[in-house]
Structures are given as structure tokens and as C-alpha cells.
Amino acid sequence: MSEVKSKYLVDERGYFGKFGGAYIPEMLYPNVEELKNAYLEIMNSDAFQKDFQKLLKDYVGRPTPLYFAGRLSEQYGAKIYLKREDLCHTGAHKVNNTIGQILLAQALGKKRIIAETGAGQHGVATATVCALMGLECTVYMGEIDMARQKPNVERMKILGAEVRPATSGSKTLKDATNEAMRHWINHPQDTHYIIGSVVGPHPYPDLVARFQSVISEEIKWQLKEHEGQENPDYVIACVGGGSNAAGAFYHYLDDEAVKLVAVEAAGLGNETGKSAATTALGREGVLHGSRSILMQTDDGQVVEPYSISAGLDYPGIGPFHAHLFDTGRAKFVGATDEEAMISGVQLSKLEGIIPAVESAHALAALDKVELKETDIVVVNLSGRGDKDLETYIKWGKY
Ligand SMILES: *Cc1c(COP(=O)(O)O)cnc(C)c1O
């Protein structure tokens with residue numbers, strides 16, 4: 001992992017510009033402090049890097065290809081490459097982070113892993129690496145989400161994890177997060193909490209971004225092989241909490257000529273109230289332990305987001321992206337359910353790749369940037385569409 005110093009990355013105080021920090025109950029200080037004081041030294045050690053790189057290669061299947069999408073390129077009149085995170089083991093980028101964090105947990109001497117999950121994708125990625133390492137795994141999940149995402153609940157159980165229902169409040173992700181926090185407070189010594197995106201209190205956004213930064217590290221040398229240059233004109237990625245986008249943007253942050261496009265889920269349209277487009281609808285506040293931008297009512301209650309895609313159905317964005325939005329370094333666009341589904345089917349028919357509905361939002365942004373014939377565009381294809389077959393069938397227009 002090459003060391004990057006950038007005004008767009010975290011500072012010594014744990015802030016990305018004015019966003020980030022660690023807004024946590026006092027009871028959690030010891031856990032978060034331990035992690036904060038140890039993570040960089042561990043992650044930068046030769047022993048850690050050796051294990052991490054080996055697992056990324058042999059277990060995850062990295063490097064993932066950078067694929068020139070010829071027929072899609074013809075359609076848009078630009079050179080379009082797809083970074084194939086859909087080909088990672090478990091079918092999405094999330095495993096890059098869970099592999100990193102399980103090794104971190106081991107280095108810290110932790111014996112148990114907890115995680116929270118909304119749609120179940122992060123829970124599955126966590127259960128996967130716990131099986132790999134033989135660590136006990138407890139995943140908190142809202143009772144309503146468990147009913148909605150049954151296959152992922154069963155996947156986690158097959159992998160040996162215990163799935164604990166969160167039965168308070170709205171019985172969704174927010175409540176699962178609260179339960180996981182409570183568990184962590186009660187088991188500070190032996191437990192590591194694996195957060196699944198660039199969200200949560202410092203140091204999580206930074207450490208997750210670092211683990212995912214392998215995506216842009218690879219894009220650079222792969223594009224050099226294809227095009228003789230490391231830098232594309234555009235990098236496009238979808239944003240739920242923002243981990244796949246953080247990974248795809250990471251090594252381009254200071255190359256201001258590379259335009260970064262972050263795509264949020266606009267659901268049925270921002271004016272309908274059924275959306276998850278945080279930068280369009282939200283304002284500053286504190287969510288999941290950090291200062292960022294989130295969708296909230298006038299008196300600060302978190303608004304339930306909506307998107308056809310479970311992975312983008314999050315009421316905020318991480319501080320990493322709040323800062324990119326605030327500084328204008330990344331352009332934020334929204335893609336509706338309809339636009340994403342059309343783009344997902346289009347990619348399937350043009351390239352023989354059925355994308356995750358999350359990733360289909362990134363593809364939909366190809367219609368929202370002014371492309372020239374000479375432009376080189378990298379779209380981060382965060383996941384594969386197998387998990388979304390029901391959604392495609394229900395939508396029906398293919
Ligand atoms: C979870 C998920 C996302 C959204 O999470 P980020 O942290 O914003 O990357 C995007 N795509 C896929 C396939 C996912 O599983």
C-alpha cells in the first residue's frame with residue numbers, strides 16, 4: 001500500500017476537511033482509541049502487507065480485470081473501461097475491506113467479530129472472512145431487513161455466522177448498528193467491529209478507504225498497459241456509504257485533471273421524497289459516529305432513504321465523500337431506479353455482464369457527463385447482478 005498524502009484524505013485529527021471525527025459514547029472510547037493508535041502501524045507492517053496481498057491474490061482473485069467495453073464504448077462515443085470488482089470472490093468489492101479488517105483484528109489479538117448489515121451484503125462478506133480465519137462471527141440485522149433479505153441471512157448461517165435480529169425502532173440498519181455498538185461496548189477486550197463502508201467514527205473511514213484503495217492502485221497500472229497512460233478523463237462510481245467509490249478515486253484525488261463522478265441513488269426522483277441522494281437532499285449532521293452529510297428532518301431526525309438498490313439505500317455518505325462534495329473535487333449526480341435498471345439491462349445486452357443494481361447506477365451516469373470521442377472513462381463495476389435477479393424480474397423491461 002503506497003502512502004498517499006492528500007488534502008482530500010484524513011488529517012491527524014481524524015477529519016476530512018470539516019467532516020469526520022469520532023462522535024461516540026464515552027463507553028466506546030477505549031475500543032476506538034485502541035484501533036486508532038494501532039491501525040497504521042499494523043497496516044504498514046511487512047507481515048500484514050504480505051498476508052493481505054497474498055489473500056487478495058489467492059482468495060479474492062485480484063487483480064480484477066480492467067476490461068475495455070467495446071460495444072458500450074460505441075454506444076456512448078468514448079473509450080469506456082470497466083473495473084471488474086464484480087469478479088471478486090463473493091461478487092463485490094466489499095471483501096477487499098473485510099479481508100483487511102479480519103487481518104487487523106487478528107493482529108490486535110481479537111477472537112470475535114461483530115458487524116451490522118442492512119441488505120446483508122456486508123454481513124456475508126464478514127461471515128466469509130470469519131469462516132476463512134476460524135473466528136466467531138455475530139452479525140446484527142434489523143428484523144425487517146432479515147425478512148426482506150432471506151437468502152443473505154441463510155448465506156451467513158451456512159458460513160457459520162450467528163445472525164441476531166435487531167428488534168427495536170424501525171428494525172432496520174440504524175437499529176442493527178445500535179445493537180452492534182452496544183455489543184462492542186460490553187466486549188471491548190476480545191471483539192473487533194467490522195464496519196462495511198467508509199462510514200463510522202475515525203479511524204474507520206480512513207482504514208476502509210485504504211483497504212479499498214487497491215482498486216485505483218490497479219486501475220493505474222492496468223490503464224497504462226491498455227492506453228500508455230495511468231490517468232483516465234473520468235472515474236465513475238456509485239456511492240452508498242462510499243467505499244467502492246473511495247477505492248476507485250483514491251489514487252486520483254490529487255490528479256485534478258481526472259474528473260471524479262460519484263453517483264447517488266435518486267430512487268423515484270428527488271422531488272418524490274423516495275430517494276437516497278444525500279448530497280441533493282441532505283445537510284450536515286452527525287451519523288454513525290462522524291460528522292458528514294445526511295438526510296434529516298428540520299429537527300434532525302434521520303430520514304428513511306429509498307432506492308431500488310439495497311446497497312445504496314443509506315441516509316448519508318461517509319465524511320470522505322462529504323469533503324469531496326464540499327470542495328467540488330468530485331461531481332455528484334443522481335440516477336433514478338428507472339435510469340439504473342435501463343443501464344443494467346443495456347450492459348447485459350451489450351457486454352454479457354449483468355451488473356449489480358448498485359453498479360447500474362454508476363453506468364447510468366454515462367448519460368449525465370459530456371463525453372468526447374477521445375475521452376477515457378473508467379466505471380467501477382462494484383458488483384455482479386446475480387443477487388438482484390428478483391429485482392430485474394420484477395422490473396421486467398428486458
Ligand atoms: C454495498 C454495495 C455498494 C455500496 O456500498 P459503498 O460502500 O458505497 O461502495 C455498491 N455496490 C455493491 C455491489 C455493493 O454490494
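The values are calculated or read from the model by the stated rules, or taken from the named source; none is laboratory data. None of the values given here were measured: they were computed from a predicted structure. Every residue, glycine among them, receives a Cβ derived from its backbone with ideal geometry; neighbour counts consider all protein chains shown.
Observations, loosely collected:
- Residue match in region 299-307 (condition: touching a Phe, Trp or Tyr at 6+ places or on another chain (Cβ under 8 Å) and either within 30 Å of Glu256 (Cβ to Cβ) or among the aliphatic types (A, V, I, L, M) (or both)): no
- Consider region 231-262 and keep the residues that are aliphatic (A, V, I, L, M) and near the ligand (Cβ under 10 Å from one of its atoms). The one that is nearest to Phe332 (Cα to Cα) is Ala262.
- Matching residues in region 276-298 - criterion: being surrounded by 24 or more Cβ atoms within 10 Å (Cβ to Cβ) and in a helix (DSSP H, G or I): Thr278
- Only listed residue being touching an Asp or Glu at 6+ places or on another chain (Cβ under 9 Å), of a type in the set (A, V, I, L, M) and surrounded by fewer than 20 Cβ atoms within 10 Å (Cβ to Cβ), chosen from Leu132, Leu103, Leu108: Leu108
For every residue, the table says whether it meets (1) touching a strand residue (DSSP E or B) at 6+ places or on another chain (Cβ under 7 Å); (2) surrounded by fewer than 24 Cβ atoms within 10 Å (Cβ to Cβ); (3) free of Cβ contacts under 8 Å to residues at least 24 places away in the same chain.
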position	(1), (2), (3)
Gly328	no, yes, yes
Glu339	no, yes, no
Val345	no, yes, no
Gly352	no, yes, yes
Ala365	yes, no, no
Glu370	no, yes, yes
Val378	yes, no, no
Leu381	yes, no, no
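- Some residue of region 48-68 being buried (at least 24 other Cβ atoms within 10 Å of the Cβ) and in a helix (DSSP H, G or I): no
- If you go through region 22-46 and keep only what is out of contact with any Pro (no Cβ under 7 Å at 6 or more places or on another chain) and assigned to a loop (DSSP other than H, G, I, E, B), you end up with Pro25, Ser45.
- Filter result (buried (at least 20 other Cβ atoms within 10 Å of the Cβ), without any contact (Cβ under 8 Å) to a residue 40 or more places away in the chain and under 18 Å from Val95 (Cβ atoms)) within region 160-203: Ala161
- If the condition is being assigned to a loop (DSSP other than H, G, I, E, B), surrounded by fewer than 21 Cβ atoms within 10 Å (Cβ to Cβ) and touching a residue at least 60 places away in the same chain (Cβ under 8 Å), then region 299-312 contributes only Glu304.
- Residue within region 342-365 that is at pLDDT below 95 and part of a loop (DSSP other than H, G, I, E, B) present: no
- Scan region 132-155 for residues that are closer than 17 Å to Ile114 by Cα and not in a helix (DSSP H, G or I) and the total you get is 9.
- Single condition His288 does not satisfy, out of (1) of a type outside the set (A, V, I, L, M, F, W, C); (2) at pLDDT 95 or above; (3) within 13 Å of the ligand (Cβ to nearest atom): (2)
- For region 184-199, filtered to residues that are β-branched (Val, Ile, Thr) and within 16 Å of the ligand (Cβ to nearest atom), the residue that is farthest from Tyr15 (Cα to Cα) is Ile194.
- Any hit, region 218-230, residues being at pLDDT 95 or above and within 16 Å of the ligand (Cβ to nearest atom): yes
- Test result for Leu381, within 15 Å of the ligand (Cβ to nearest atom) and aliphatic (A, V, I, L, M): yes
- Residues of region 156-179 satisfying the condition of being outside any helix (DSSP H, G or I) and among the basic types (Lys, Arg): Arg164, Lys171
- Members of region 37-67 that are touching a residue at least 24 places away in the same chain (Cβ under 8 Å) and among the charged types (D, E, K, R): Asp51, Arg62
- Subset of region 30-47 [surrounded by 14 or more Cβ atoms within 10 Å (Cβ to Cβ) and at pLDDT 95 or above]: Val32, Glu34, Leu35, Lys36, Ala38, Tyr39, Leu40, Ile42, Met43
- As a summary of the residue check, Pro203 satisfies the conditions (1) over 19 Å from Gln106 (Cβ atoms); (2) away from the ligand (no atom under 16 Å from the Cβ) except for the one numbered (1).
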